[in-house]
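Reviewing the structure listed below.
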C-alpha cells in the first residue's frame, strides 16, 4: 500500500548571489549536482548551512572544553584549600 504525503510550502523571497568558482570547484559542483539530482543552488545553500552548523558545533565544543578545564582547576584549588583547613591553619 502506498501512502502519499503532500506538503505545501510558502514561497519565501530568496536572495540572489553571484559566486565565482575555480575550475576544480565548478567540476565538483557539477558532479554533485548530477549525482544527487539537485540544483546547484540547492547544493550551495546546503553547503553554507552545513558550514554554519559546523562552526556552531565547534564553538560549543570549545566552550564546553573551557568549562571542563575551569572546573578541574577550581577542583584543584578547592582540594588544596581543604588540605590547608585540615592542617589547622
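Per-structure values
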{"quantity": "Filter result for residue 32 (out of contact with any strand residue (DSSP E or B) (no Cβ under 8 Å at 6 or more places or on another chain) and either part of a loop (DSSP other than H, G, I, E, B) or at pLDDT 95 or above (or both))", "calculated": "yes"}
{"quantity": "Residue 75 over 30 Å from residue 33 (Cβ atoms), at pLDDT 75 or above, surrounded by 10 or more Cβ atoms within 10 Å (Cβ to Cβ) and under 18 Å from the mean Cα position of the chain (by Cα)", "calculated": "no"}
{"quantity": "Near pairs, Cβ below 7 angstrom, 6+ apart or cross-chain, from the range 1-22 (within 17 Å of residue 45 (Cβ to Cβ)) to any residue that is at pLDDT 50 or above", "calculated": "19/44; 21/29"}
{"quantity": "Some residue of the range 14-23 being in a helix (DSSP H, G or I), surrounded by 10 or more Cβ atoms within 10 Å (Cβ to Cβ) and out of contact with any helix residue (DSSP H, G or I) (no Cβ under 6 Å at 6 or more places or on another chain)", "calculated": "no"}
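The values are calculated or read from the model by the stated rules, or taken from the named source; none is laboratory data. Everything numeric here is computed off the predicted structure, so don't read it as measured data. Because the Cβ atoms are built from the backbone with ideal geometry, glycine has one as well, and the counts that use them run over all protein chains shown.
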